[in-house]
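A.B. asks: A single structure is presented below for examination.
The values are calculated or read from the model by the stated rules, or taken from the named source; none is laboratory data. Here the structure is a predicted model, which is why all the values come from computation and not from measurement. Every residue, glycine among them, receives a Cβ derived from its backbone with ideal geometry; neighbour counts consider all protein chains shown. All accessible areas refer to the heavy atoms of the entire protein, side chains included, with ligands and DNA or RNA removed. Shrake-Rupley method; radii C 1.70, N 1.55, O 1.52, S 1.80 Å.
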There are 4 protein chains.
Amino acid sequence: MTVNVGVIGVGMIGKDHIRRLTTVLAGAGVTAVTDVNLDEAKKVAEGLPNANVHSTGEELVNDDSVDAVLVCSWGPTHEEYVLAAVAAGKPVFCEKPLATTQEACLRIIEAEVAFGRRLVQVGYMRRYDSYYRALKSVVDSGDIGAPLLMHCTHRNPSVPGHYTREMAITDTAVHEIDMVRWMFGEEIVATRVLKPRKNSLGGELEDPLLLIFEMSSGALIDVETSVNIRYGYDIRGEVVGETGTAALGEFSPVTVRTNNRFAGRVPEDWRERFISAYDVEFQEWIDGVRDGGTYGPSSWDGYAAAVVSDAAVEALRSGNRSTVELAEKPALYA
Amino acid sequence: MTVNVGVIGVGMIGKDHIRRLTTVLAGAGVTAVTDVNLDEAKKVAEGLPNANVHSTGEELVNDDSVDAVLVCSWGPTHEEYVLAAVAAGKPVFCEKPLATTQEACLRIIEAEVAFGRRLVQVGYMRRYDSYYRALKSVVDSGDIGAPLLMHCTHRNPSVPGHYTREMAITDTAVHEIDMVRWMFGEEIVATRVLKPRKNSLGGELEDPLLLIFEMSSGALIDVETSVNIRYGYDIRGEVVGETGTAALGEFSPVTVRTNNRFAGRVPEDWRERFISAYDVEFQEWIDGVRDGGTYGPSSWDGYAAAVVSDAAVEALRSGNRSTVELAEKPALYA
Amino acid sequence: MTVNVGVIGVGMIGKDHIRRLTTVLAGAGVTAVTDVNLDEAKKVAEGLPNANVHSTGEELVNDDSVDAVLVCSWGPTHEEYVLAAVAAGKPVFCEKPLATTQEACLRIIEAEVAFGRRLVQVGYMRRYDSYYRALKSVVDSGDIGAPLLMHCTHRNPSVPGHYTREMAITDTAVHEIDMVRWMFGEEIVATRVLKPRKNSLGGELEDPLLLIFEMSSGALIDVETSVNIRYGYDIRGEVVGETGTAALGEFSPVTVRTNNRFAGRVPEDWRERFISAYDVEFQEWIDGVRDGGTYGPSSWDGYAAAVVSDAAVEALRSGNRSTVELAEKPALYA
Amino acid sequence: MTVNVGVIGVGMIGKDHIRRLTTVLAGAGVTAVTDVNLDEAKKVAEGLPNANVHSTGEELVNDDSVDAVLVCSWGPTHEEYVLAAVAAGKPVFCEKPLATTQEACLRIIEAEVAFGRRLVQVGYMRRYDSYYRALKSVVDSGDIGAPLLMHCTHRNPSVPGHYTREMAITDTAVHEIDMVRWMFGEEIVATRVLKPRKNSLGGELEDPLLLIFEMSSGALIDVETSVNIRYGYDIRGEVVGETGTAALGEFSPVTVRTNNRFAGRVPEDWRERFISAYDVEFQEWIDGVRDGGTYGPSSWDGYAAAVVSDAAVEALRSGNRSTVELAEKPALYA
């Protein structure tokens, strides 16, 4: 059985997921597309064997050929389309963020709880990366004892001019926010943001930042975000346990010895680093939809990420420790 | 368009490729199966949405629903099925070896040349491994100068009791034979086999071996095969150029610090190490078949591997240097 | 010319330095010893070719055979002996701490400034470690741009029962305190101490800790101290610059491949890790004394370490950010 | 007690050892020097506190102030000076080679055996390198099972114009020859030399070479010598055992992340790589002389290296396997 997907938003990310669904993965097809730019949607549809074009996301959601919905549109529109999919009882994959406010996330949770079954998956792909999975598997094995700390770095070679210091939290470190909740299997309860000496290559941008997250067990996470560090896209993480540590391995297929150096490669960008994770993420989503389940990051995860991000932004602005206040967690997400 | 594949041989490898074609890759289906054990073929077909069962490979090849043929049967039967596919003008993927004798390989080449277009691909999957591809890309870039040497190791934790010293060449090092021809872009012209002290864990088996290959440019390749080394499946390679070297990176997603050690992981077996390479190999084959081409290891590569293997077996038995005498290479494989 | 050293304190560390001065390094001898346990001092002297035993440190300092003084006694006695050496105009090497209070450190500085020439060196040996020196050389080269952050870990396999949480600062992280002042060439201006989830192996001990130091340039340092982590003595550090990073290499002479692992060695204790640094530290001190100079960590460095330690202890107790208030720096230490 | 050394030959190496004996190590002094260039010897003596200048090596050997002799003169003179020292019953350290012919080596052995006690040590310093020692310690521990193979590389950035292909054996790989005899605790019994494609940077020089050594146990050693490889001085080695392998670690104190690379350092030359090994070698020699013993590489080791080198040169010239024929080993060297 082929899972037929309707895609809302055919910008860069939407196009890439359509490529993935139609030329990389097994068991999926794309039977409907829409975009705020309807001409673009039509152009994309022409490249597909059999895809309807819709003028609105709601129309697409209700297209009978659509088994599941993929939301890749502009963030502020996510809530509306996810709610429409839930209303139609169709599985929906929503690129991050789930919605742009905590309240909107809660409305989605409420709708999904009312429906009575999980339909929503949020696009946090690190959980599907083979390196993070291997790391979690060591942590879960108990080989390093109870986890007490995690040191993370999230480095980008450069960011565009409109990038703000808040985006280092909401766009960049939000991946670590979801990852550590998953890695440690617990919630973040408070956060601080420290401001190191500024990187002059970023002009006025307050970069790097050093984020501190406190987990409910007391475990501490530190995350360095450096978004103009030029040398590469470098995602690292080390979990410190009671009797040992476990760290992400180097992501380098080849070691070159030249010029008094032996050198491995640091990826150029997130595509090089995480392209396989996206493939796995979507294959598992497609397989889950086909088999009647949705198992990835949930609405609750999307909501928690939003609340932690908001707290971190507040901590960045105030310079103080900021606590994370979550609503009660519905049993659906236990 | 879906490429419909007929599978000859549904043993362990055949089953794994069927899983790959139907649940991992895009654009493929399995519409026919056969096996020397017909009951097994029937059982496999039952698990597929729409697959015919045939009592012979020839019948399967000529099934109209079959666009392309996959040969995973017992080695001695390969020639017959590949020739049948060529006769039918259908693309055929043949697991290694292409055939069990040089003469059989030449008959396949002759048939393919007569047909006038490449139809045959042989299952040398290292060319599709991201690590080897990155290595070749450094070598081809000229960053280490002209390649002069390559050091390889091919280590297995253990082999079954029926494994013979010749199999260290024909089953094990044959992967390096194909790989170095591709890596260096030239033929192997001579070979020697040296016999180190015997590993007592292998009983009477002459293991490890140290194989030496001379390339047409004069470059030298050494390959250590150790097939009872217990600690893991460890495939390594370093190309030595005029001004530097390039080596396969470590295949380890996580580094663990415990017990006065920092340790990465060595794969347990070839599945762990090369499963992605198989996926890429088959996706590229499927895409090629769909687009009308076949671009992977050719009949010529299968033939050359057979001739080099034979020379190496002779060198192993005689203790002498053994030259590799290849037929003239048809223009089809230029 | 041989530099004749008088050693105050012949406990474990004193004995080790006597071994170093007499059997490892060039140009040094030990001509006088004393200890609070006079019998022990006599026993040590018997093992030396020509050493006087003194009943007090002051007497030893004024022994004409003594060119330079080495203070390895109990911390609270350091001030008295260092001041005696300065009064006698003799170079003095004082194991850390320089003194147990800021005020005592300032009295030493005052005496040395009054004398008009540097005589005092404090035993911070990381500045002599080849790994830290290589790291500093990369930072100073500008290859990674201006340094903005440093991530450090200081891990011990275990600590004795009397070890307190304050000692994680005053005994353990004090090495990082001196090291980062030297690495960055600037003072620490403030500090915080965060408390991760407690390691249950340490009983009631608050361990690990996460220390944050702010440098005068705004650069931020984080230091994880984990003193019961069992797996080894693991000292790491990565300086993050504007365009790259530089980290201490692994201190492992051999890589072993067994049991599905490739593994390097983590040192067992500080001896294994830093024994060479101690040798270099003392050879450079001896050479400096012979040539009329003292160039290592100064009284000022000892004082600054004391002030920062005090601030960090306060931060640990209060949970707040604590600023570092240094006296004005005399020109002697420019 | 100070060991007073007389140094024969004060060229680059002799000067470096004098520096080592007088300013780095404990317990040694230099009380006599000589050189074929007597003016140079006088100049060197002026820089020493108390050194006699002699016009011949024999005179120096018999200087009463000389406890032990260090021979750093031109290779062809080694035999004469070593024999003189043995005749005088004085310990003698002879830089490699022990002598320039097998026969000369045997004459030294004969003299030493007649004297009845070991006096001669040959300058093979790899046995004193902490990395090789750690490697041997793993091999000896049995952790990787019985050793069956060793892969070595000996790479130099460049060699002077007068360097010949034979020198790749007699000057370069001779270090591996001594090292593997020590590492495996057995003799080399045969050798082959294979000639890879030539490095064009070396002009007419046949470089690299691939040397194969067979040990008496059957273990096989391969040694790549690449003497114009530009990128650095890179000494590597991996011992392959029955159940695992052990390899020299990377000799790099710092890892730098810049330009899409994480990179460690490859030493520039043998000084950077082995300077510590020379220090240890001489400290142990001095300590041994003082305590009445000589424990390092013996006359027998110097002789065996000469015989293996000769066999390898013959193998290089003939293209054939060449056996190593050693005299009977006197009990003195058991």
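A.B. asks: Mind checking which of B:THR153, B:THR255, B:THR56 has the largest fluctuation in a GNM of chain B, springs on alpha carbons under 10 Å?
C.D. replies: Of B:THR153, B:THR255, B:THR56, the most mobile in the Gaussian network model is B:THR255.
A.B. asks: Under the rule of at least 5 residues apart or a separate chain, name every residue whose amide H is placed under 5 Å from the amide H of A:ARG265.
C.D. replies: Answer set, sorted by chain and number: A:VAL254, D:PHE262.
A.B. asks: Hey, if you put +1 on the Cβ of every Lys and Arg and -1 on every Asp and Glu Cβ in region A:181-243, which of A:SER200, A:ALA190, A:VAL239 ends up farthest toward the positive end of that dipole?
C.D. replies: My answer, from the dipole projection, is A:SER200.
A.B. asks: Calculate, for C:GLU166 and A:SER217, the FRET efficiency according to 1/(1 + (r/R0)^6) with r their C-beta to C-beta distance and R0 25 Å; round to the nearest 0.05. Numbers along the way, then the final one.
C.D. replies: Working: r = 24 Å, r/R0 = 0.98.
In this case the efficiency is close to 0.55.
A.B. asks: Assign unit charges at the C-beta atoms only (+1 for Lys and Arg, -1 for Asp and Glu), then state the dipole size of the protein assembly as shown relative to its Cα centre in Debye, rounded to the nearest 20. Mind showing how you got there, number by number?
C.D. replies: Numbers: 128 positive and 192 negative charges, 1 e Å.
So the magnitude is around 0 debye.
A.B. asks: What number comes out for accessible area per residue over region C:168-252 if the probe is 1.4 Å? Units Å², please.
C.D. replies: Working: 1980 Å² over 85 residues.
In whole numbers, region C:168-252 has 23 Å² accessible per residue.
A.B. asks: Something else now. Roughly how many nanometres apart are two label points built 7 Å out from the Cα toward the Cβ at C:SER200 and B:THR56?
C.D. replies: 6.9
A.B. asks: OK, next. Grab the eigenvalues of the alpha-carbon gyration tensor for region B:40-164, scale each by 5, take roots, and send me the semi-axes largest first in whole angstrom.
C.D. replies: Numbers: eigenvalues 215, 84, 56 Å².
So the three semi-axes of region B:40-164 are 33, 21, 17 Å.
A.B. asks: For the residue pair B:THR100 and A:ARG317, what label-to-label distance in nm results when each label sits 7 Å from Cα along the Cα-to-beta-carbon direction?
C.D. replies: Distance between the two pseudo-spin positions: 7.7 nm.
A.B. asks: While we're on this one: Please report how far the C-alpha centroid of region A:143-173 lies from that of region D:18-90, rounded to the nearest whole angstrom.
C.D. replies: Distance between centres, Cα-based: 63 Å.
A.B. asks: Now for a different question. Taking a cut-off of 17 Å between Cα atoms, list the aspartates and glutamates near A:LYS329, but don't count ones fewer than 8 places away on the same chain.
C.D. replies: A:GLU103, A:GLU110, A:GLU112, A:ASP178, A:GLU186, A:GLU187, A:ASP301
A.B. asks: So what is the calculated 222 nm ellipticity per residue for chain D, using -39500 (n - 2.57) for each DSSP H run with n of 4 or more, over all residues, to the nearest 500 deg cm²/dmol?
C.D. replies: Values: 9 runs with 116 residues, N = 334.
Roughly -11000 deg cm²/dmol at 222 nm, from the helical runs in chain D.
A.B. asks: How large, in percent, is the carbon and sulfur part of the accessible surface of chain C at a probe radius of 1.4 Å? Mind dumping the intermediate values first?
C.D. replies: Values: 5950 of 12000 Å².
Here it works out to 50 percent.
A.B. asks: Now for a separate question. Just in region C:114-165: which trypsin sites (Lys or Arg not before Pro) are loop by DSSP and have at most 14 other Cβ atoms within 10 Å? Write down the numbers at each step before the final one.
C.D. replies: Details: sites: C:ARG117, C:ARG118, C:ARG126, C:ARG127, C:ARG133, C:LYS136, C:ARG155, C:ARG165; in loops: C:ARG117, C:ARG118, C:ARG165.
Within region C:114-165, the qualifying trypsin sites (Lys or Arg not before Pro) (loop, at most 14 other Cβ atoms within 10 Å) are C:ARG117.
A.B. asks: How big is the C-alpha Rg of region A:144-242 next to the rule-of-thumb value 2.2 N^0.38 Å, as a ratio? Provide the component values of the computation, followed by the final result.
C.D. replies: Details: Rg = 13.8 Å, N = 99, 2.2 N^0.38 = 12.6 Å.
Compactness ratio reported: 1.09.
A.B. asks: What shape does region C:1-82 take by its C-alpha gyration tensor, where a ≥ b ≥ c are the square roots of the eigenvalues and a/c under 1.5 counts as rounded, a/b above b/c as prolate, and the rest as oblate? Could the numbers behind the result be given before it?
C.D. replies: Numbers: a/c = 1.41, a/b = 1.29, b/c = 1.09.
Because its axes are fairly even, with a/c under 1.5, region C:1-82 counts as rounded.
A.B. asks: Name all residues of region C:162-195 having a backbone nitrogen under 19 Å from the label point set 7 Å from the Cα of C:GLU328 along its Cα→Cβ direction, giving them as ranges.
C.D. replies: Zone members listed by number: C:187.
A.B. asks: Another one. Can you compute the modelled spin-label distance between B:ARG19 and C:ASP269, with each label point 7 Å from Cα toward Cβ, in nm?
C.D. replies: With each label placed 7 Å out from Cα toward Cβ, I get 5.1 nm.
A.B. asks: For region A:190-199, what does the Karplus curve 6.51 cos²θ - 1.76 cosθ + 1.60, with θ = phi - 60°, yield as ³J(HN,Hα) per residue in whole Hz, taken in order and with x for Gly and Pro?
C.D. replies: The phi angles translate into 7, 8, 9, 10, 9, 10, x, 3, 6, 6 Hz.
A.B. asks: Hey, how many Å between the Cα centroid of region B:274-310 and the Cα centroid of region A:202-250?
C.D. replies: 42
A.B. asks: If you don't mind, another one. Can you tally the net charge around D:SER217? Count Lys and Arg as +1, Asp and Glu as -1, for every other residue whose Cβ sits under 13 Å from the Cβ of D:SER217. Mind dumping the intermediate values first?
C.D. replies: Working: positive: B:LYS195, B:ARG197, B:LYS198, D:ARG181; negative: D:GLU186, D:GLU187, D:GLU214, D:GLU242.
That works out to 0.
A.B. asks: Return the single residue from C:ARG236, C:ARG271, C:ARG321 with maximal mean-square fluctuation; model: Gaussian network over chain C, springs between Cα atoms under 10 Å.
C.D. replies: Looking only at C:ARG236, C:ARG271, C:ARG321, the biggest GNM fluctuation is shown by C:ARG271.
A.B. asks: Take the alpha carbon gyration tensor of region B:276-329, find the square roots of its eigenvalues, order them as a ≥ b ≥ c, and report rounded if a/c is under 1.5; if not, report prolate when a/b exceeds b/c, else oblate.
C.D. replies: Working: a/c = 6.48, a/b = 2.36, b/c = 2.75.
Oblate shape, in that a/c is at least 1.5 and b/c is the bigger or equal ratio.
A.B. asks: Oh, and also: Sort C:ARG20, A:ARG261 by heavy-atom solvent-accessible area, probe 1.4 angstrom, most to least.
C.D. replies: Working: C:ARG20 0, A:ARG261 65 Å².
Sorted descending by solvent-accessible area, the residues read A:ARG261, C:ARG20.
A.B. asks: Here is a further query. When the Debye formula is applied to the Cα atoms of the protein assembly as shown, each taken as the same point scatterer, what base-10 log of I(q)/I(0) results at q = 0.05, 0.06 Å⁻¹?
C.D. replies: Once normalised to I(0) and log-transformed, intensities are -0.46, -0.65.
A.B. asks: Give me the accessible area buried between chains C and A, both sides summed, with a 1.4 Å probe, in Å² rounded to the nearest 100.
C.D. replies: The buried area between C and A, both sides summed, comes to about 2900 Å².
A.B. asks: Taking K and R as +1 and D and E as -1, what net charge do the other residues with C-beta under 13 Å from the C-beta of B:ARG236 add up to?
C.D. replies: On the way: positive: B:ARG126, B:ARG155, B:ARG273, C:ARG257, D:ARG236; negative: B:ASP129, B:GLU176, B:ASP222, B:GLU224, B:ASP234, B:GLU238, B:GLU250, D:GLU238.
Summing Lys and Arg as +1 and Asp and Glu as -1 gives -3.
A.B. asks: Once the Cα gyration tensor of region A:211-334 is diagonalised, what are the square roots of 5 times its eigenvalues, in whole Å and ordered largest first, as equivalent ellipsoid semi-axes? Before the final figure, lay out the partial values.
C.D. replies: On the way: eigenvalues 198, 120, 46 Å².
So the equivalent ellipsoid measures 31, 25, 15 Å along its semi-axes.
A.B. asks: For region C:277-334, with the dipole built from +1 on Lys and Arg beta-carbon atoms and -1 on Asp and Glu ones, taken about the Cα centre, which of C:ALA315, C:TRP300, C:PHE282 lies farthest toward the positive end?
C.D. replies: Checking the options against the dipole of region C:277-334, the answer is C:ALA315.
A.B. asks: Further question on the same structure: May I ask you to evaluate 6.51 cos²θ - 1.76 cosθ + 1.60, the Karplus curve with θ = phi - 60°, for each residue of region C:210-220 and list the ³J(HN,Hα) values in order in whole Hz, giving x for glycine and proline?
C.D. replies: Whole-Hz 3J(HN,Hα) from phi for region C:210-220: 10, 9, 10, 10, 9, 8, 5, 6, x, 4, 10.
A.B. asks: Hey, what's the Cα Rg ratio for region A:217-275 versus the globular rule of thumb, 2.2 N^0.38 Å? Can you show the working numbers first?
C.D. replies: On the way: Rg = 14.7 Å, N = 59, 2.2 N^0.38 = 10.4 Å.
Dividing the Cα radius of gyration by 2.2 N^0.38 Å gives 1.42.
A.B. asks: Let me ask another. Sort D:ASP64, C:ASP63 from largest to smallest accessible area, using a 1.4 Å probe on the heavy atoms of the protein chains.
C.D. replies: Working: D:ASP64 145, C:ASP63 20 Å².
Descending accessible area places them as D:ASP64, C:ASP63.
A.B. asks: Still on this structure, I have one more. Taking the Cβ of B:SER137 as the center, what net charge do the other residues with Cβ under 11 Å away carry, scoring Lys and Arg +1 and Asp and Glu -1?
C.D. replies: Details: positive: A:ARG265, B:ARG133, B:LYS136; negative: B:ASP140, B:ASP143.
Net charge in that neighbourhood comes out at +1.
A.B. asks: For chain C, evaluate the Debye formula with one uniform point scatterer on each Cα (no solvent term) and list log10 I(q)/I(0) at q = 0.08, 0.10, 0.13, 0.14 Å⁻¹, rounded to two decimals.
C.D. replies: Result of the Debye calculation: -0.39, -0.62, -1.04, -1.19.
A.B. asks: Using amide H atoms built in the peptide plane, which far-off residues or other-chain residues are under 5 Å from B:VAL3 H to H?
C.D. replies: For B:VAL3, whose amide H was placed from the backbone, the distant partners under 5 Å are B:ALA28, B:GLY29.
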